[in-house]
Amino acid sequence: MRVITYGTFDLFHEGHRRLLERAKALGDYLIVGVTTDNYDASRGKLNVAQSLMERIKNVQDSGLADEIITEEYEGQKVQDIQQYDIDIFAIGSDWIGKFDYLGDYCQVVYLERTKGVSSTQLRNENGVIRVGVVGSGRIATRFVEEARYVSGVSVEAVFSRRHESAQAFAHKLELQYANDSYADLLKHVDAVYVATPHSTHFDYAKAAIEAGVHVLCEKPMTLSRAQTEELFALAGRHNVVLLEAVKTAFSPGFQRMVAVARMGSIGRIRSVDATFTKLVRSGRELEPGDGGSISELATYPLVAIVKLLGLDYESIRTQSLRPASAEVEVFSRIDLRYPHAVASARTGIGVKAEGDLVVAGANGYIYVPAPWWKTEYFEARFEDSRDNKKYYYKFDGDGLRYELAEFASMIRSGAAESFKLRPAESIAMAEIIESARANAEVFE
Ligand code: CTP
């Protein structure tokens, strides 16, 4: 009898060993499918602590598997069972009922789960990361909701200068602490998520870093190169993680799009055009100081541009539209010249346009339809359309879970930077935003 079972097998524990023993005893040949990182991410299992190779080694070292395969996509079990000529599919009792459909292909056995142990528990043993939210606006609300999907992280407190706002927020989202003193908040948490108006980010981030608290900071981190640079230098000295919360950069679809473009499939990249518009009718976004289409939205197109073309741009030219009735620019176009390429970032808070992304190369181009910043789908297109290729990914929820998962894993591993969004890239984006705002040709 040939038996198959599947799992992540992260931080291999007694529950895993006992499951494999019993699965093996059901027959005489046991195949174990270990989930790939991509597959786990696509089914919303973020924060797995060990790499695929480590997890495969865990299973190998148990000495119980006759063969190990990887599980890479939804529906693979139906195929594996037929391909490997399986008689019995076995899985833990936490899955009861979920795999009954495999009964069309083989016998399905649910084995009782070992009580009191799980990878999730072990991952949290080193301590859950306690997070405080700074600010109590809409994005802060969404962040708390999204944080529930990231294991090992617990949002426990909120800070707002207005006591009533902090209290209402804590009550609505069932947080333990509501603070109107930032110093108090910093005493209760390991990390903060800064979601206040842009020009206040610097002070909140700086105070947190100096208190040894990790910082996930909403975009744009600051509105000047010098300030962003200073924060990263400070974080380095205090040994804390500082990350700019640009959800796009951490989402699987966007990362794959960048990889496909940079591996040369469309030839040398010559042009990047990215647009992001979001109509705003009232509020802080329309007020001088912090407001305007560049400070509000330019981070998204710029992250695509720096990821695709790098940091060595040679010049920046910005044109902004500010109707007589407005106090800030409501549409902007930032044009960057690179040594052998051009890029354009278009943002609008008072003009609506198609929010797509086109990466043009010498042999073809990549097209990402709106909303490209939540990349779920893109196409590589060529002169001969028979060569075109389509790529599909999943973008879960609001996407804030991706940035938080990355932030948490950096804190756990003690990483100073993430390749998904490097400090140098955040600094470059701050420089471009600063220059664009200062030097724009503004017209009505
Ligand atoms: N398993 C078990 N007893 C446990 C934990 C897991 O029998 N205490 C089984 C699961 O039911 C599954 C296999 O081990 O059949 C692999 O599960 P996996 O998801 O890797 O382990 P968990 O510890 O449940 O992981 P997590 O906490 O990340 O969900």
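Laid out as a table, the results:
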| quantity | calculated |
| --- | --- |
| Neighbours by Cβ (under 6 Å, 6+ apart or cross-chain): first from segment 246-267, farther than 18 Å from V358 by Cβ; second acidic (D, E) and open to solvent by less than 20 Å² (accessible area, probe 1.4 Å) | K247/E403; F250/E403 |
| Residue in segment 345-359 that is out of contact with any strand residue (DSSP E or B) (no Cβ under 8 Å at 6 or more places or on another chain) and more than 26 Å from R284 (Cα to Cα) present | no |
| Members of segment 166-183 that are touching a residue at least 12 places away in the same chain (Cβ under 8 Å), assigned to a helix (DSSP H, G or I) and not small (G, A, S) | F169, K172, L173, Y182 |
| V144 vs. criteria touching a Leu at 6+ places or on another chain (Cβ under 8 Å), open to solvent by less than 40 Å² (accessible area, probe 1.4 Å), away from the ligand (no atom under 13 Å from the Cβ) and under 22 Å from G212 (Cβ atoms) | no |
| Test: residue in segment 10-30 that is within 13 Å of the ligand (Cβ to nearest atom) and on the phi > 0 side of the Ramachandran plot | yes |
| Tally, over segment 68-116, of residues that are over 30 Å from the mean Cα position of the chain (by Cα), surrounded by fewer than 16 Cβ atoms within 10 Å (Cβ to Cβ) and of a type in the set (K, R) | 1 |
| Scope segment 79-119; condition of a type in the set (D, E) and near the ligand (Cβ under 8 Å from one of its atoms); matching residues | D94, E112 |
| Residue ID - least open to solvent (accessible area, probe 1.4 Å), chosen from residues in segment 150-193 that are modelled with pLDDT under 95 and among the β-branched types (V, I, T) | V150 |
| Segments classed as strands (runs of 3 or more DSSP E), wholly inside segment 373-444, with at least 1 members that are in contact with a strand residue (DSSP E or B) (Cβ under 6 Å, 6 or more places away or on another chain) and of a type in the set (F, W, Y) | 377-382, 389-392 |
| Any hit, segment 120-134, residues being open to solvent by 70 Å² or more (accessible area, probe 1.4 Å) and either within 13 Å of the ligand (Cβ to nearest atom) or of a type in the set (G, A, S) (or both) | yes |
| Failed criterion for T318 (all others in (1) under 27 Å from the mean Cα position of the chain (by Cα); (2) outside any loop (DSSP other than H, G, I, E, B); (3) over 20 Å from P369 (Cβ atoms) hold) | (1) |
| Residue in segment 48-65 that is assigned to a strand (DSSP E or B), touching a Leu at 6+ places or on another chain (Cβ under 7 Å) and more than 30 Å from A208 (Cβ to Cβ) present | no |
| Selected residue [part of a loop (DSSP other than H, G, I, E, B), open to solvent by 20 Å² or more (accessible area, probe 1.4 Å) and among the small types (G, A, S)] from G236, G264 | G264 |
| Residue in segment 358-394 that is farthest from T120 (Cα to Cα), counting only those that are open to solvent by 20 Å² or more (accessible area, probe 1.4 Å) and of a type in the set (A, V, I, L, M, F, W, C) | A362 |
| Matching option when the condition is without any contact (Cβ under 8 Å) to a residue 40 or more places away in the chain and either surrounded by 18 or more Cβ atoms within 10 Å (Cβ to Cβ) or near the ligand (Cβ under 8 Å from one of its atoms) (or both), among V48, V34, V3 | V34 |
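The values are calculated or read from the model by the stated rules, or taken from the named source; none is laboratory data. The structure presented is a predicted model; accordingly, all values stated were derived computationally and were not measured. Because the Cβ atoms are built from the backbone with ideal geometry, glycine has one as well, and the counts that use them run over all protein chains shown. All accessible areas refer to the heavy atoms of the entire protein, side chains included, with ligands and DNA or RNA removed. Shrake-Rupley method; radii C 1.70, N 1.55, O 1.52, S 1.80 Å.
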